[in-house]
Amino acid sequence: MTDVSLGMPQLPAPEYPADVRARLEADAKEVIARYPDSRSALLPLLHLVQSEEGYVTRTGVRFCAGQLGLTTAEVTAVSTFYSMYRRKPSGDYQVGVCTNTLCAVMGGDEIFEELKEHLGVGNNETTADGKVTLEHIECNAACDFAPVVMVNWEFFDDQTPASAKQLVDDLQAGRQVEPTRGAPLCTYKETARILAGFPDERPGAVEATGGAGHASLIGLRLAKGETPAPRVVAPRGEAPQDAPPQPGAEHLSSHDAPQETSASDPANPAGPVAEEGE
Amino acid sequence: MTVATEIEGNGNGSSPEKLLAPVLSAFWDQPNSWTLETYKRHDGYEGLKKALAMAPDDLIAYVKDSGLRGRGGAGFPTGMKWQFIPQGDGKPHYLVVNADESEPGTCKDIPLLFANPHSLIEGMIIACYAIRSSHAFIYLRGEVVPVLRRLHEAVREAYAAGYLGENILGSGLNLEITVHAGAGAYICGEETALLDSLEGRRGQPRLRPPFPAVAGLYACPTVVNNVESIASVPAILTKGKDWFKSMGSEKSPGFTLYSLSGHVTNPGQYEAPLGITLRQLLDMSGGIREGHRLKFWTPGGSSTPMFTEEHLDVALDYEGVGAAGSMLGTKALQCFDETTCVVRAVTRWTEFYAHESCGKCTPCREGTYWLVQLLRDIEAGKGQLSDLDKLNDIADNINGKSFCALGDGAASPIFSSLKYFREEYEQHITGKGCPFDPAKSTVWADRSARTTEVNA
């Protein structure tokens, strides 16, 4: 995909079909009205176009640019800066394993390795059925629930390799999956719409899984003179003794290596990721 | 020296009831703690009534007198930030709440907003009344949809109850709150990068001056405050600044959320007066996981220089941690035991900084890249002893020479780990590999062993 093309520049992206466009324009108008300056609506609008197509397409970029009076280059510059905007078609469920230091040490690395093997995909790749996109993610502010897995940005706390494998099996089989903190899963596109600022209208979504998680309450319980309950760690009904240590398991921190090579210098392993119209 | 693992064994005889002080977390265990109804049953929106009865300038002075300092890492006095907003300048003023909690190890604002979002909304209304703002923003990191849902709902409830909108509680104050979801970028936790991001741009930090108080969002006077700072304001008004100052120390008064994580028996949130020590927190909560010893820990996230066992009695307030050579930061107490390879930990943090470097300034963009190359080699047993000085040198070229404080943060784990664990780095080099087994560090490492013991 990094073939150097010296031919004609790409033609402008096609527009959305008229009905889609009309619907998104109404949404965009609502988003823009929330801000004193229209450009502030760009991040929500990029979430909005992801809710339509599952990733940021050239058509989506053109739409955002048109709504805000920006060039497609300006919009692309922003969309490629942020990690939540996908650049290629991806699965219904974005499964992110935290491999920042604390979660990695507590078992996130092992979970990520086992999921890669179990699903037969690498980082930021999607299963053949289009259900699951696997990626490693950075710290998601849930270190007291480590190791943490996020699916469509809902919390799956206190994971083990076995619970994580069960989780992706359930996702692929189309079984309803519920997080430890968050609402019953909806698809990535539906999640993107919430991120664009449109509240989740599903009954029970706000109150799902109740109040604070168990770790959040530990200090409060101690302060009230209660003894902390033993840590509940086997989510989703999994037996806890399920993680055979892998002697000499590969743990070199190489998972974050650049994945693409610069078009201008294919020999350089550190080149930027190619983008826009690959 | 060992860290006691028995609750009875706490060193100074103080009980958790006396050492802890749940305020923001006081009713997280109540049914539907995130709703307006539950919040109102626990003094909710009482602080607002007191605030609206004061003149805005008096309110700013009151918060300043309370001594409340920013809970996002830097510890800047909150009331002073409010005071810096020029009044009568004819420009719109803005309040922007930094809810982009992304510093590795930091996990206090997200549970706070999940369980008690109205404390933030009430604090925001009070702050906006003080700085004379009629439009406020919550910049929430995008990767926490459960929290986004509850913020949407809390804002909706507050509008419906007349706490937001026109003429709030008959005070003449008008206020609109916009909940804004980010899109995944650690740098947006830096306040000027956050403002650029909120303006629909790449999240890159701005040159200062001008400071946000003069030219912030849309070049208008803007206060940027952390979630916990703003959420602490209603309690200060309800219970009084003297109550607040009765906790903590003179320069670091009040209560705060400490987040204990890693190889501890009971990771979680512990709300206590500033100045508690890690030893006290561990003693009351069951200590380091059974059969293990504390090796290193961070007082406030990965960007604060790491500590070791010798720092267990450092008072965890702004001055205490500073005097011991680190920073209080976000009070993210990540604890690692003796099974953890410090080179692995620092390599991973550094990969994070390299990944998240916004690319604006050369020292951070290039420096973090080269740090990662060296660290990966060392971890893989391919390093040379001269690499250690090189690491130090590169970190020195990032620290204090970057555009924003995130560069300094990237240098912290390098400096501090080399200071306390240089031998371990050397071991990787001379032994041509990592002497640690990562399987022993996992949460489940000891489980099968313990089961066997019980059965035997």
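Of note:
- Subset tally (residues that are at the interface with another protein chain (Cβ under 10 Å from one of its Cβ atoms), over 16 Å from the mean Cα position of the chain (by Cα) and polar (S, T, N, Q)) for segment A:64-121: 1
- Contact annotation: residue pairs with Cβ atoms under 8 Å, 6 or more positions apart or on different chains, pairing a residue in segment B:41-55 that is in the same structural domain as residue B:167 (by TED's automatic domain parsing) with a partner that is in a helix (DSSP H, G or I) and open to solvent by 70 Å² or more (accessible area, probe 1.4 Å), are B:48/B:169; B:49/B:169; B:52/B:169.
- Test: residue in segment B:171-184 that is modelled with pLDDT of 95 or more, in contact with a Ser or Thr (Cβ under 6 Å, 6 or more places away or on another chain), open to solvent by less than 30 Å² (accessible area, probe 1.4 Å) and not polar (S, T, N, Q): yes
- Candidate set from segment A:208-226 (those that are open to solvent by 50 Å² or more (accessible area, probe 1.4 Å) and either facing chain B (nearest Cβ under 7 Å) or at pLDDT 90 or above (or both)); member that is nearest to residue B:444 (Cα to Cα): A:214
- Complete set of residues in segment B:142-162 that are open to solvent by less than 10 Å² (accessible area, probe 1.4 Å) and more than 7 Å from every other protein chain (Cβ to nearest Cβ): B:147, B:151, B:154, B:158
Conditions (1) facing another protein chain (nearest Cβ under 7 Å); (2) touching a residue at least 24 places away in the same chain (Cβ under 8 Å), marked per residue:
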site: B:90; (1), (2): no, no
site: B:98; (1), (2): no, yes
site: B:103; (1), (2): no, yes
site: B:107; (1), (2): yes, yes
site: B:113; (1), (2): no, yes
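- Contacts under 8 angstrom Cβ, first residue in segment A:67-84 being in contact (Cβ under 8 Å) with a residue 24 or more places away in the chain, partner part of a helix (DSSP H, G or I) and of a type in the set (Val, Ile, Thr), 6 or more apart: A:67/A:32; A:68/A:32; A:68/A:75; A:72/A:61; A:75/A:61; A:76/A:61; A:79/A:61
- Residue A:182 being more than 8 Å from chain B (Cβ to nearest Cβ) and within 26 Å of residue B:180 (Cα to Cα): no
- Among (1) open to solvent by 10 Å² or more (accessible area, probe 1.4 Å); (2) out of contact with any helix residue (DSSP H, G or I) (no Cβ under 8 Å at 6 or more places or on another chain); (3) not in a loop (DSSP other than H, G, I, E, B), the one test that residue B:292 misses: (3)
- Residues that are in a loop (DSSP other than H, G, I, E, B) and farther than 28 Å from residue B:294 by Cβ were ranked within segment B:219-277; the one that is farthest from the other protein chains (Cβ to nearest Cβ) is B:250.
- Screening residue B:324 against (1) surrounded by fewer than 24 Cβ atoms within 10 Å (Cβ to Cβ); (2) farther than 20 Å from residue A:146 by Cα; (3) within 13 Å of chain A (Cβ to nearest Cβ) leaves a single unmet condition, (3).
- Residue selected from segment B:25-54 under the condition part of a loop (DSSP other than H, G, I, E, B) and touching an Asp or Glu at 6+ places or on another chain (Cβ under 6 Å), by the criterion farthest from residue A:222 (Cα to Cα): B:45
- All positions within segment A:14-43 that are more than 17 Å from residue B:196 (Cα to Cα) and among the aliphatic types (A, V, I, L, M): A:18, A:20, A:22, A:24, A:26, A:28, A:31, A:33
- Residue B:331 touching a residue at least 24 places away in the same chain (Cβ under 8 Å), charged (D, E, K, R) and open to solvent by 10 Å² or more (accessible area, probe 1.4 Å): no
- Odd one out for residue B:342, checked against (1) over 24 Å from the mean Cα position of the chain (by Cα); (2) open to solvent by less than 10 Å² (accessible area, probe 1.4 Å); (3) of a type outside the set (Lys, Arg): (1)
- Only residues that are open to solvent by 60 Å² or more (accessible area, probe 1.4 Å), out of contact with any helix residue (DSSP H, G or I) (no Cβ under 6 Å at 6 or more places or on another chain) and not acidic (Asp, Glu) were counted in segment A:181-195, giving 0.
The values are calculated or read from the model by the stated rules, or taken from the named source; none is laboratory data. Being a predicted model, the structure only gives us computed values, none of them experimental. Using ideal geometry, Cβ is built from the backbone for each residue, glycine included, and neighbour counts are taken over all protein chains shown. What goes into the accessible areas is simple: the full protein's heavy atoms, side chains included, and nothing from ligands, DNA or RNA. Shrake-Rupley method; radii C 1.70, N 1.55, O 1.52, S 1.80 Å.
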